[in-house]
Every structure is written in structure tokens, then in C-alpha cells.
Amino acid sequence: MDENKFLALFQDTLQRETPLNMDDILASLEEWDSLAAMASIALAEREFSKRLKLKELKQQKTVRDVYELFRA
Amino acid sequence: MNCSAPNKVLPDFAESDVILVTGASSGIGAGIASLLNSLGATVIASGRSQEKLNALRNDCAEPERFHLEPKDLLDEMDALPKWVSGLVAKYGKLKGMVCSAGIASPMPLQLMELEKARRIFDINYFVPMLLAKGFCDRRNNAGRGAAILFLGSMAATNPLRAQVAYTGSKAAVVASAKGISLEYSSAGIRVNCISPAEVATPLFYGFSEELGDEAPEESVSGRYPLGIGSPGDIAPLAAFLLSDQAGWITGQNYILDGGYNGCGANW
């Protein structure tokens, strides 16, 4: 999955109205909370067949980190 | 501290307060939709019958703020959250939502058929949950102060005979409403239930007809010291719970029962 498609899917997962950038800091996003993290884990499983733990996801700093984690 | 009472009992809504009401073509949903419109809200009225919705709009206080969205909510149920998003794109972010669409059918345990029971759960439970999913998407609601109102049933806590699936579906709604209220309280979204006893609506008469009861109001009046309910008995509390006046109320289930629980059993 390329970056643009990931950004669109991740934006939708976060229920965010404005587009995301790969370098956005997760902690600075109003939408980044525990529910969004759980939804992101579901996204990883659905789109990347990757099973993640909440702890792993919470360690990521940027949107790009999440993308790389999903693809790893 | 100002504790002065408001100068009227029912709350006011602004035109920008957009409220979706399902099951609005008849009964309790119609009563709530009409009252909200008369109190100033912009109402999106959804129901299966275009004809009944048209009639409701013709009779409502402010038809230009009463939008009709006829729909069978069982059609493409999975897509209901997207349907909510579509309504938001058309009418604006939602201040409130009333999930009033429901069905009841007599079903003693020994006559329970899985397909019929599932249909009751689909419309009474899964439809409101999927609508709530759409509503709680942060892009679809007005944020802090937005409110969901589910129609439960007194049957959820005081089951009557021969209502296995109906009772279960409404109990599930009441329980899930409390759970959703916990999930979204930090976002300022309030979630409550009204659980009416028997109310004189097409749903009630249809249920009674299936049981072969030709005088249903007489049959049930003995249960209720204040008599059988009407949609007008439910709508004022619904308006209050959707308004900012109820800003500190969430996760509650209000039983409106004409006195049944207070004294009806021994009346």
C-alpha cells in the first residue's frame, strides 16, 4: 500500500476532517486517543494482515512510524 | 450561583440544532419529531412510509425545518454509518439522534424461530447501534453537547409473556446505551434511553392484533394507574434529554410507565 492510500485510510480511521501528513506527530493530533488506537489496530489487521498490541502502537511517534510498523 | 428556574418547561432548540429521528412516520417517533420541530430544531425525519412522513410534515409547526428521508433501515444495514454521513453532508452536523424505529411481534419461547428473532434484533438492536456508530464519528456530530436517545422498552426490565426476542433486543439496547455513554463521555456526547410501557401506537395495536385482542386498550388499562400512554407522554422527556438542559445526564434509562412500577402490580 502506498503512502497516499495509507494516509487516506488512517485519516478515516481517526475520523479526522483535515488531511494527515506522514510527519504529523501523533500526540499532537486531537483525534489520537485510546479509541483511535484500537481502531488503528483493526486497520492494521484488516489492511495489512498484521496483528499489533496496543503497547506497540502507543510507542510510535509519527504517522510515518505507524505506516512503517504496519508494513514491517 | 444562579439557580433561577427557566421560564418554561420545555427546552428551546436553534435552527442549527439538526436532529435525526428514525421511526418518525408513526407513533412515538412521530410525536418526538413533531415536538422537536415545534421547539425550533431542524428535524430529519426517517421512516418507511413516504406518505405518512408527508402527512407529518404537513401538520408540523415549521415544515421548512422538517426534512424527510424515507428509508427502510434494514436495507444495506452495514452501510447505515455511511448513510448518517450522507445526511450530515446534506443537512449539517447532528446535534441529536433519536432511534425510535422498532418492531414487536408475539413470540413465546416454544414458537421462537431464529430467522424471525434475528429480524427483531436487526431492527431493534443492530440498526440503532449502527446508527450510533455513524453518529459518534467525530465528523458527523456537533461535538460537546451532542446527544443520542434510544427508545428502549419497559419490557427490558419488566418483561411480559410471549416477547422473548423483543424483550431481549430492548434489554440489549439499554445495556449498550450505558456502554456507549462511557465510551463517548469524554467527547461530550450524552447517551440515554427512554423505556416506555405500552403506548397507544401502531406498534401496540399491531402486536395486540397478532394476539387476537380486539380491545387492547381495555386489556392493558388495568396495569397502568394513569392509563395507557400516548406518544405525547414520551416526547417532552425526549426533548429534554436531547437539550443542553440535560447536560449532566448520560447513561440513564428512564422508565415511563403510567405508574406500573410504582403501584401498578398491586393496583
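The values are calculated or read from the model by the stated rules, or taken from the named source; none is laboratory data. In this text, all values refer to a predicted model and were calculated from it rather than measured experimentally. Don't worry about glycine lacking a Cβ; one is built from the backbone with ideal geometry, like all the others, and counts go over all protein chains shown. In case anyone asks, the SASA skips ligands and DNA or RNA and just uses the protein heavy atoms, side chains included. Shrake-Rupley method; radii C 1.70, N 1.55, O 1.52, S 1.80 Å.
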> At a Förster distance of 22 Å, what's the computed FRET efficiency of residue B:62 paired with residue B:244, Cβ-Cβ distance as r, to 0.05?
Replying inline: 0.65
> In straight Cα distance, which aspartates and glutamates are under 18 Å from residue A:50, not counting same-chain residues fewer than 8 positions off?
Replying inline: A:2, A:3, A:65, A:68
>> Taking the alpha-carbon distance from residue A:53 and a cut-off under 18 Å, which lysines remain once sequence neighbours fewer than 8 residues away in the same chain are dropped?
In response: A:61
> With no solvent and one point per C-alpha, what does the Debye sum give as log10 I(q)/I(0) for the range B:105-144 at q = 0.14, 0.31 Å⁻¹?
Replying inline: -0.46, -0.97
>> Give me the residues in the range B:175-191 whose solvent-accessible area, probe 1.4 Å, is reduced by at least 10 Å² once all protein chains are included instead of the chain isolated.
In response: B:183, B:184
>> What is the distance in Å between the Cα centroid of the range B:111-131 and that of the range B:47-84?
In response: 21
> Around residue B:146, which amide H atoms from residues at least 5 apart in sequence, or from another chain, sit under 5 Å from its own amide H, with H modelled in the peptide plane?
Replying inline: B:190
> Once both labels are modelled 7 Å past Cα along the beta-carbon direction, what's the residue B:8-residue B:50 spacing in nm?
Replying inline: 3.5
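Nearest 100 Å² is fine: what is the total accessible surface buried where chains B and A meet, probe 1.4 Å?
700
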> What GluC sites (Glu not before Pro) in the range B:29-109 are in a loop by DSSP, with at most 16 other Cβ atoms within 10 Å of the Cβ?
Replying inline: B:76
>> If I take the Cα coordinates of the range B:133-267 and project them onto the principal axes, what are the three extents in Å, biggest first?
In response: 48, 28, 24
> Cα-Cα over 22 Å: which of B:71/B:93; B:133/B:178; B:52/B:178; A:55/B:178?
Replying inline: B:52/B:178; A:55/B:178
> Based on Cβ point charges of +1 for Lys and Arg and -1 for Asp and Glu, what charge dipole magnitude is obtained for the protein assembly as shown about its Cα centre, in debye rounded to the nearest 20?
Replying inline: 880
> Tell me, what ³J(HN,Hα) does each residue in the range A:43-56 have, in order and in whole Hz, if you take phi through Karplus 6.51 cos²θ - 1.76 cosθ + 1.60 with θ = phi - 60° and put x for Gly and Pro?
Replying inline: 5, 4, 5, 6, 9, 10, 6, 10, 9, 10, 9, 4, 4, 4
> When all alpha-carbon pairs of the range B:21-134 are counted, what percent fall beyond 19 Å?
Replying inline: 46
> What list of ³J(HN,Hα) couplings, whole Hz, do you get for the range B:94-108 from phi and the Karplus terms 6.51, -1.76, 1.60, once you set θ to phi - 60° and write x for glycine and proline?
Replying inline: 8, 7, x, 8, 10, 9, 10, 5, x, 9, 9, 8, x, 8, x
>> Over the Cα atoms of chain B, what radius of gyration and what Dmax do you get, in Å?
In response: 17.9, 59
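Is the C-alpha gyration tensor of chain A telling us rounded, prolate or oblate? Criteria: a/c under 1.5 is rounded; beyond that, a/b larger than b/c is prolate, otherwise oblate.
Verdict is rounded for chain A.
Once you wrap a convex hull around the alpha carbon atoms of the range B:51-111, what is its projected area averaged over all directions, in nm²?
So the mean shadow area of the Cα hull is 6.6 nm².
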> How much accessible area per residue does the range B:78-203 have, in Å², with a 1.4 Å probe?
Replying inline: 41
>> Under 5 Å between amide hydrogens, which residues at least 5 positions from residue B:69 or on another chain qualify, with H placed 1.01 Å from N in the peptide plane?
In response: B:45, B:46, B:47
> Counting only protein heavy atoms, what percent of the accessible surface of chain A is carbon or sulfur at a 1.4 Å probe?
Replying inline: 47
> Could you give the accessible area per residue of the range B:31-75, probe 1.4 Å, as a whole number in Å²?
Replying inline: 44
> What FRET efficiency comes out for the pair residue A:65/residue B:16, r = Cβ-Cβ distance, R0 = 45 Å, nearest 0.05?
Replying inline: 0.70
> Could you state the per residue volume, in Å³, of the convex hull enclosing the Cα atoms of the range B:34-80?
Replying inline: 69
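What area, in nm² and to one decimal, does the C-alpha convex hull of the range B:152-229 cast on average over all directions?
Mean shadow area of the hull around the Cα atoms is 6.0 nm².
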